[in-house]
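**Q** Right, I'll just put the structure down here and ask away after.
The values are calculated or read from the model by the stated rules, or taken from the named source; none is laboratory data. Since the model is a prediction, treat every value here as computed from it, not as a measurement. Here the Cβ positions follow ideal geometry from the backbone for every residue, glycine too, while neighbour counts run over all protein chains shown.
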Amino acid sequence: MKQQHSPIDGSQADVVLAGVEKRYGNTIALRSMDLSIERGELFALLGPSGCGKSTTLRLIAGFEQPSAGRVFVRGNDVTRIPSSKRNFGIVFQGFALFPHMTVAQNVGFGLRMRKLQKSEMKQRVMSALELVGLDHLADRYPRQLSGGQQQRAALARAIVIEPDVLVLDEPMSALDKILRDRMQVEIRRIQQRLKMTTILVTHDQEEALGMADRVGVLNGGRIEQVGTPRSIYETPRTTFVATFLGASNLLTGKVEGYDGAQAAISVAGRVISIPRGGLERGATVPLSLRPEKIRLCAHSPFMGKVKEMTYKGSTTYVEVDVNGVSFAISGDSAQIRGQHCEVGNLVGLEWDARDVVVLEDVAS
Amino acid sequence: MIPAYYKAPRTLLAILPLCFLALFFLVPVGYLFILSFVEGNAFGGAHWTFTTANYTGMLGDRFYIVIAVRTISISLIACVLNVILAFPVALFAARLQSVWKSVFLTIATVPLMVSNIVRAFGWVVILGRRGILNSVLQFFAPQMVLRQHLFSIQAICFGLLTITLPFTIMFLTNAVSGIDRKNIEAAESLGATRWGVFYHIILPLTKSALASGLMVVFFLTLSAYVTVTLLGGPRYKTLVGFIYDYSATLRWPQAAALSFVLLGIGLAFAGIVQLLVSERKK
Ligand SMILES: Nc1ncnc2c1ncn2[C@@H]1O[C@H](COP(=O)(O)OP(=O)(O)OP(=O)(O)O)[C@@H](O)[C@H]1O
Ligand SMILES: [Mg+2]
């Protein structure tokens, strides 16, 4: 299992940001960010457009200097070290292959800058190209490659220098859906084979959840939550995280009291109990409940009228109104059909108590 | 598909300027070409008998060879100085925001808005015997005061730079601006030093603009007359000066032959530059 450690301590982690801030004039792109990325893990930075993903990446890669805070790599302070001395492999958004060089020359560039012997260079370029399955196109120019091939070339160029850290900035955004899925698997395979510490920047939550060991969700220049894909998806801490990682029912509950370790919370005129302490009696709390965690049944305290049904192949999407509160449900089409679920019918809703997550912020 | 009724006028529109060029450029040049192979007479006319003497006379004469070498040297020096001076400016200007870049490029081209003659006189004012340069030197470094800073190859090169630098700066600034910033960052992240980035990325990606710039510089300096005459003095002549002298004395066939020598030098330079530029393409 992953162990906890303080973010300032750079001993176990490969990359550590300690109180890093970035301002552009009056705009604050990053607010006091603490982050530590462990050796060999694939860490995804996930967030919407303009949240500061690229900025974080540029600070880590050394293209930009933080306004405050420090950056550590393997325990060394690299805050003032230029990118040319950091030994990072970077796959840029849009790939940024050198247009005047062949694939082999592109991949060999980093080795050439390191003044390697010709023979060793050639051999390492070829094995990197083989790794990404591009050895047969070594003499092509970037413009003669498809999007997927360009991406492989960019990946080979980044990993051939055996970087301390591999950094990928929205590597899939230029690819179509099918290719994207394939490259996600492939990049993950290569990353695990080389056991390379990797930072992936993306705004695609499926990509982040599917590829990463851990995900950091970024919003408005702030890290909102860091955790494994499962923990982030199933126990989001804030409204933003809950909604950004997929559809969610955002409910408002009122803390009625405690029954042992169970908090009694009223939602849509009914009381549910949630295994959770530390809530103030009488307080209003935001709750998140994933649509796929709700099941339809014949009898339940939560009875409501079906307002809308959308058939989506293997799953069906249902909207049910309970006492004026709307619940979105998505479930297996066959199972939903079995519950006599039709628009206008009365159905019951049920879920496991632990699937209701109490959020920390106030829903806005 | 372009409809046929649209195609016809397009062809026409292309033919008209071509006719214009043919009439007012090719015909006189063709005439000059013929003229360069006939014997001249003393009255500005020609005996229409074929001869290559106008060319062979020059090629056999050491004096003309010296002048030709001097002419080419001045142009080459201008080219080298242009590259050395324009590249840093372009690298700086390319990083400006677009508004400031426009302002900067406009300012850089202001010298072109001033007539050649006025501009050359500007240099005379500075470099002349009682010029600004000597006044300043008088004050700081009296041993460097010369009777004359004018009438030297340095003065000519200075003068030619004011005409040519705006062009190279413009060409190179646009070319450098066209380079994707990420390409430069990619090179840096792969370990390239500043010089490495310049040599391996910026230079190859701007070489066709550089070639265009160099050709403009070479042609402009090769055919510069006013600047060379005013700053080089009456006795420091380049090939163009002789063309002027020949035509002033109505020796048309010699003037024509010399013009074609000049054209040949220009084309040879263009050929070499293009060869160098396309060398590494496959
Ligand atoms: N050079 C700059 N000057 C001024 N503001 C900037 C600059 N670069 C980024 N910003 C601002 O900083 C914030 C974060 O930008 P950043 O590029 O990191 O976003 P991002 O998360 O990468 O977004 P996207 O997904 O659209 O690429 C934005 O509000 C942006 O406007
Ligand atoms: Mg970005």
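Results for (1) exposed (fewer than 12 other Cβ atoms within 10 Å of the Cβ); (2) closer than 18 Å to B:Val216 by Cα; (3) among the hydroxyl-bearing types (Ser, Thr, Tyr), shown as yes or no for each residue.
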site	(1), (2), (3)
B:Ala46	no, no, no
B:Ala78	no, yes, no
B:Leu85	no, yes, no
B:Phe92	no, no, no
B:Ser102	yes, no, yes
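Residues checked against (1) within 28 Å of A:Leu42 (Cα to Cα); (2) surrounded by fewer than 19 Cβ atoms within 10 Å (Cβ to Cβ); (3) outside the structural domain of A:Phe327 (by TED's automatic domain parsing):
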position: A:Ala212; (1), (2), (3): yes, no, yes
position: A:Arg276; (1), (2), (3): no, yes, no
position: A:Glu280; (1), (2), (3): no, yes, no
position: A:Glu292; (1), (2), (3): yes, yes, no
position: A:Pro301; (1), (2), (3): no, yes, no
position: A:Met309; (1), (2), (3): no, yes, no
position: A:Gly313; (1), (2), (3): no, yes, no
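**Q** Being within 14 Å of chain B (Cβ to nearest Cβ) and more than 16 Å from ligand 2 (Cβ to nearest atom) is true for just one of A:Val165, A:Val226, A:Val215. Which residue is that?
**A** On the way: A:Val226 fails: within 14 Å of chain B (Cβ to nearest Cβ); A:Val215 fails: within 14 Å of chain B (Cβ to nearest Cβ).
The conditions single out A:Val165.
**Q** Here's a follow-up. Considering only residues that are more than 6 Å from ligand 1 (Cβ to nearest atom), within 14 Å of another protein chain (Cβ to nearest Cβ) and touching a residue at least 40 places away in the same chain (Cβ under 8 Å), which ones fall in segment A:45-60?
**A** Within segment A:45-60, A:Leu57, A:Leu59, A:Ile60 qualify.
**Q** Does B:Ala155 meet the test of being away from every other protein chain (no Cβ under 14 Å) and either aliphatic (A, V, I, L, M) or touching a residue at least 60 places away in the same chain (Cβ under 8 Å) (or both)?
**A** Judged against the criteria, B:Ala155 is a match.
**Q** So, in segment A:209-233, how many residues would count as being of a type in the set (A, V, I, L, M), within 13 Å of ligand 1 (Cβ to nearest atom) and over 19 Å from A:Ser36 (Cβ atoms)?
**A** Qualifying residue count for the region: 0.
**Q** What helices (runs of 4 or more DSSP H), lying completely within segment B:183-239, carry at least 2 residues that are at the interface with chain A (Cβ under 9 Å from one of its Cβ atoms)? Show your work before the answer.
**A** On the way: elements: B:194-197, B:203-222, B:226-232.
Because the criterion is at least 2 residues that are at the interface with chain A (Cβ under 9 Å from one of its Cβ atoms), the helices (runs of 4 or more DSSP H) in segment B:183-239 that meet it are B:194-197, B:203-222.
**Q** Could you list, ordered by first residue, the pairs with Cβ atoms under 9 Å in which the first is in segment A:108-120 and at negative phi and the second is polar (S, T, N, Q), at least 6 apart or interchain?
**A** So the pair list comes out as A:Gly110/B:Ser189; A:Arg112/A:Gln105; A:Met113/A:Ser84; A:Met113/B:Thr193.
**Q** In segment A:176-193, is there at least one residue being within 16 Å of ligand 1 (Cβ to nearest atom) and either under 27 Å from A:Arg86 (Cβ atoms) or not assigned by TED's automatic domain parsing to the domain that holds A:Lys85 (or both)?
**A** Among the residues of segment A:176-193, not one is within 16 Å of ligand 1 (Cβ to nearest atom) and either under 27 Å from A:Arg86 (Cβ atoms) or not assigned by TED's automatic domain parsing to the domain that holds A:Lys85 (or both), which makes the answer no.
**Q** Right, another one. Looking at the structure I just gave you, is A:Ala29 within 16 Å of ligand 2 (Cβ to nearest atom), away from every other protein chain (no Cβ under 14 Å) and farther than 16 Å from A:Gly220 by Cα?
**A** For A:Ala29, the condition - within 16 Å of ligand 2 (Cβ to nearest atom), away from every other protein chain (no Cβ under 14 Å) and farther than 16 Å from A:Gly220 by Cα - is not met.
**Q** With respect to A:Glu206, is the statement that it is within 16 Å of ligand 1 (Cβ to nearest atom) and touching a residue at least 12 places away in the same chain (Cβ under 8 Å) true? Can you show your working first?
**A** Numbers: within 16 Å of ligand 1 (Cβ to nearest atom): yes; touching a residue at least 12 places away in the same chain (Cβ under 8 Å): no.
No, not satisfied.
**Q** In segment A:40-63, what count of residues is obtained for those that are near ligand 2 (Cβ under 9 Å from one of its atoms), touching an Asp or Glu at 6+ places or on another chain (Cβ under 9 Å) and of a type in the set (Gly, Ala, Ser)?
**A** Total satisfying the criteria: 1.
**Q** Against the condition assigned to a loop (DSSP other than H, G, I, E, B) and hydrophobic (A, V, I, L, M, F, W, C), how does A:Leu111 come out, does it pass?
**A** no
**Q** Would you please list the contacts, defined by Cβ atoms under 7 Å and residues six or more apart or on different chains, that run from a residue in segment B:87-116 that is at positive phi to a residue that is β-branched (Val, Ile, Thr)?
**A** none
**Q** Filtering segment A:168-204 down to residues that are within 16 Å of ligand 2 (Cβ to nearest atom) and surrounded by 20 or more Cβ atoms within 10 Å (Cβ to Cβ), which residue is nearest to the other protein chains (Cβ to nearest Cβ)? Talk me through it step by step, then tell me what you get.
**A** Going residue by residue through segment A:168-204, those that are within 16 Å of ligand 2 (Cβ to nearest atom) are A:168-174, A:199-204.
Among the residues that remain, those that are also surrounded by 20 or more Cβ atoms within 10 Å (Cβ to Cβ) are: A:168-169, A:171-172, A:199-202.
Numbers: A:Leu168: 12, A:Asp169: 9, A:Pro171: 13, A:Met172: 17, A:Ile199: 13, A:Leu200: 16, A:Val201: 14, A:Thr202: 17 Å.
Among residues in segment A:168-204 that are within 16 Å of ligand 2 (Cβ to nearest atom) and surrounded by 20 or more Cβ atoms within 10 Å (Cβ to Cβ), the one nearest to the other protein chains (Cβ to nearest Cβ) is A:Asp169.
**Q** Residues that are closer than 30 Å to A:Ser36 by Cα and either within 12 Å of chain B (Cβ to nearest Cβ) or more than 16 Å from ligand 2 (Cβ to nearest atom) (or both): does segment A:130-140 have at least one?
**A** Yes, because at least one residue in segment A:130-140 is closer than 30 Å to A:Ser36 by Cα and either within 12 Å of chain B (Cβ to nearest Cβ) or more than 16 Å from ligand 2 (Cβ to nearest atom) (or both).
**Q** Please indicate, with yes or no, whether at least one residue in segment A:124-132 is farther than 17 Å from A:Arg152 by Cα and either at pLDDT 95 or above or assigned by TED's automatic domain parsing to the domain that holds A:Glu162 (or both).
**A** no
**Q** Mind checking which residues of segment A:69-114 are more than 8 Å from chain B (Cβ to nearest Cβ), within 22 Å of A:Val201 (Cα to Cα) and among the small types (Gly, Ala, Ser)?
**A** A:Gly69
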